[in-house]
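Data block below; observations after.
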Amino acid sequence: MSRKILITGGAGFIGSHVVRRFVKKYPQDQIFNLDKLTYAGNLENLKDIDQFPNYHFVKGDILDVDFLGKLFSEHSFDGVIHLAAESHVDRSLKDPAEFAATNVMGTLNLLIAAKRSWGNDSSKRFYQISTDEVYGSAEHGEKFTEHTPIDPRSPYSASKASSDHFVHSYFSSFHFPTIISRCSNNYGPNHFPEKLIPLMIHNIIKLKPLPVYGKGENVRDWLFVEDHASAIDTIFHQAAPGSVYNIGGNNEWKNIDLVNHLCKLMDSKLGRSEGTSAKLITYVTDRPGHDLRYAIDATKLQNDLGWKPSVTFEQGLEKTVDWYLSNQEWLDRVTSGAYQAYYQNMYEGR
């Protein structure tokens, strides 16, 4: 049976991997990629599936209520996988209002459009992709479970926590078929170089300083993006309405240990003497409200639905480095600032 699935933010880092997986794995389904094409959205990420008959790109803004109403009316979607979001903590500190608008009101607009279209049809699915940052900072020896209290510490995580609450309120108030998952830090191919791992890879290649916040003691749990896409696939197709699942890679690393490991790996790959890249490490003033540690307990997901990560962090990181070294032209384009206007013009009105 053919279904129509709307994936928002599908030109972004995680979204593009989800779109690709669904387009290739479910050729009987029609996959619609809705993206505004901001600085982090790049249709070049999906050029390998651009001509697939079941793939459809729609340029649009989830803040445009009339646009969403027409889109849902025209296509009668069977499911929504919602990834469109502003997602960079540092940017949220500079412009909290933009994060509140996109992440909170954008999500609410989608919920309203979907409910008007679906009514009380329990066979539909509205799947909100969230973040472990809504839990705040984990104490030593503890991990976030699905019952950990919500305690956001940045405008970004506050906006995601608020949108999660709106999504769950639709399940509680209207029995609307919602699902929420909260993931740990993602890494992998096609990641825009503003986040830690792609930024370090880019700067190591260019022999630029490697900025590390504070003393580099902040701990993150790392999840390979293709494993995340696999988990999203599993949850979307198997989870019951009202479910909340944590998705983690079981890979806790201090930032400074990660950067040092990456330096050694990059020196080896680039044929540089060991220690060349480590000399580029520069400690910078810590950002406000910087959570010390994130740690995900994904036991519920493994026990309920049988999902677990397929690669270790070392394996995933080597795959990631190899991809960036093989795609340095892509890296140069997305860091030049020129690609955004190019792709905006190329897909205007498509």
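Odds and ends about this structure:
- Filter pass, Phe67 being at pLDDT 95 or above, touching a His at 6+ places or on another chain (Cβ under 8 Å), among the hydrophobic types (A, V, I, L, M, F, W, C) and not in a loop (DSSP other than H, G, I, E, B): no
- Test: residue in the range 214-227 that is closer than 30 Å to Ser122 by Cβ, at pLDDT 95 or above, within 14 Å of the chain's Cα centre (by Cα) and outside any strand (DSSP E or B): yes
- Number of the condition not met by Ala101 [criteria: (1) surrounded by 16 or more Cβ atoms within 10 Å (Cβ to Cβ); (2) assigned to a helix (DSSP H, G or I)]: (1)
Quick grid of which residues meet (1) crowded, with 16+ Cβ neighbours inside 10 Å; (2) of a type outside the set (Phe, Trp, Tyr):
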{"site": "Val219", "(1), (2)": "yes, yes"}
{"site": "Glu226", "(1), (2)": "yes, yes"}
{"site": "Ser230", "(1), (2)": "yes, yes"}
{"site": "Phe236", "(1), (2)": "yes, no"}
{"site": "Ala239", "(1), (2)": "yes, yes"}
{"site": "His261", "(1), (2)": "no, yes"}
{"site": "Gly271", "(1), (2)": "no, yes"}
{"site": "Leu280", "(1), (2)": "yes, yes"}
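- Of the residues making up the range 146-176, just one is more than 27 Å from Arg91 (Cα to Cα), of a type in the set (S, T, N, Q) and surrounded by 14 or more Cβ atoms within 10 Å (Cβ to Cβ), namely Ser169.
- The residues on offer are Gly306, Gly275, and the sole one that is surrounded by fewer than 20 Cβ atoms within 10 Å (Cβ to Cβ), at positive phi and either of a type in the set (Lys, Arg) or free of Cβ contacts under 8 Å to residues at least 60 places away in the same chain (or both) is Gly275.
- Residues satisfying the stated conditions in the range 48-94, i.e. on the phi < 0 side of the Ramachandran plot, polar (S, T, N, Q) and surrounded by fewer than 19 Cβ atoms within 10 Å (Cβ to Cβ): Gln51, Asn54, Ser73
- Scanning the range 106-121 finds no residues that are in contact with a helix residue (DSSP H, G or I) (Cβ under 9 Å, 6 or more places away or on another chain) and of a type in the set (Asp, Glu).
- Residues that are more than 22 Å from His191 (Cβ to Cβ) and in contact with a strand residue (DSSP E or B) (Cβ under 9 Å, 6 or more places away or on another chain), drawn from the range 69-104: Leu71, Phe72, His75, Ser76, Phe77, Asp78, Gly79, Val80
The values are calculated or read from the model by the stated rules, or taken from the named source; none is laboratory data. This is a predicted model, so every value here is computed, not measured. Because the Cβ atoms are built from the backbone with ideal geometry, glycine has one as well, and the counts that use them run over all protein chains shown.
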